[in-house]
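Engineer: Got a structure for you, questions after.
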Amino acid sequence: VEAEGRLELRPPKQLESSGISARFPPDRFARTGSKSILVRAFGKRTNLIFDLTAGLGGDAYRLARAGHQVFASERHPAIYALLVSGWERDRELGNVELEVSRRLEFSHEEGVRVLDRIDQADVGVYLDPMYPRPLRHTALPKRELQVLRQLLGDEGDAALLLELARSRAAHVVVKRPHRAPPLLSDVSFELSTKLVRFDVYVNPDLMRG
C-alpha cells in the first residue's frame, strides 16, 4: 500500500490500519548524532561496514550517521521495496543529511554474495537476524516485529552466515535479545543495553598491522 509517498506493509485483515514503513532518520537518537553502543561495538578503525540484514534500514543509518561507510543489503524483495521507498522519499523531503546519504548505499542482495566481494582488511560486518521465538509465553513483541515475522518466518541460516562472515571480516557484530544464546559460542566480547545485546567476533588476522 502506498501512503504519503512511501510504501507501507499491512498484514491481512489490517488493511485499514497504518502499516510499517521505512523512515529516516529512524528515531530521535539518529538525529542527535550521539554515539551508540552499536557504533562502539565496531570501534574507530572499522570504517567500512557491510550490513547484511538491512531490514528497514535503521541500524545502517545510525552507523552512517556516526561516520562509517555502509553498504546495506536486504534479500527479501518486499522488505527491500519498503526500504528503498522510504529512503528515496525522505531524501526528497530533505530529512536525510547529504553526508549521510553519501555514506550509505542499499542493495537487494543475498549476504553470501556480498561477503564473496570482501577482499580488504579492517572491514566490519553487521548481522541482525530475526529474533528467535520465546520459549514460553510473554507479552507480544512490538507490532513491527510481529508483521515482519509473519512475512519472513524464522530465518534458519544466520549461524552459517556468521561463520562465513568471520572468515572475511575483522569485526562481526551480531544483534541478539538478552534471552537468546550467541549464534556461535566463541564471542570475543559483548556490549549490552537494557533491550538488546551485541555479540562481537574479532578476527585479528584480518586487521591491518
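Engineer: At 1.4 Å probe size, with every protein chain present, just tell me what the per residue accessible area of segment 42-135 comes to in Å².
Structural biologist: Values: 4210 Å² over 94 residues.
Here the residues of segment 42-135 average 45 Å² of exposed surface.
Engineer: Which peptide among 181-194, 96-109, 38-51 comes first, and what is the full order, when sorted by highest mean count of other Cβ atoms within 10 Å? If you can, show how the numbers build up before the last one.
Structural biologist: Working: 181-194: 12.1, 96-109: 16.1, 38-51: 18.6.
The most tightly packed comes first, giving 38-51, 96-109, 181-194.
Engineer: Here is a follow-up. Over the Cα atoms of segment 91-132, Rg to Rh with Kirkwood Rh, two decimal places?
Structural biologist: On the way: Rg = 14.2 Å, Rh = 13.4 Å.
Across segment 91-132, the Cα-based Rg/Rh ratio is 1.06.
The values are calculated or read from the model by the stated rules, or taken from the named source; none is laboratory data. Just so you know, these numbers come straight off a predicted model, no measurement behind them. Ideal geometry is used to build each Cβ from the backbone, glycine not excepted, and the neighbour counts take in all protein chains shown. Heavy atoms of the whole protein, side chains included, go into the accessibility calculation; ligands, DNA and RNA do not. Shrake-Rupley method; radii C 1.70, N 1.55, O 1.52, S 1.80 Å.
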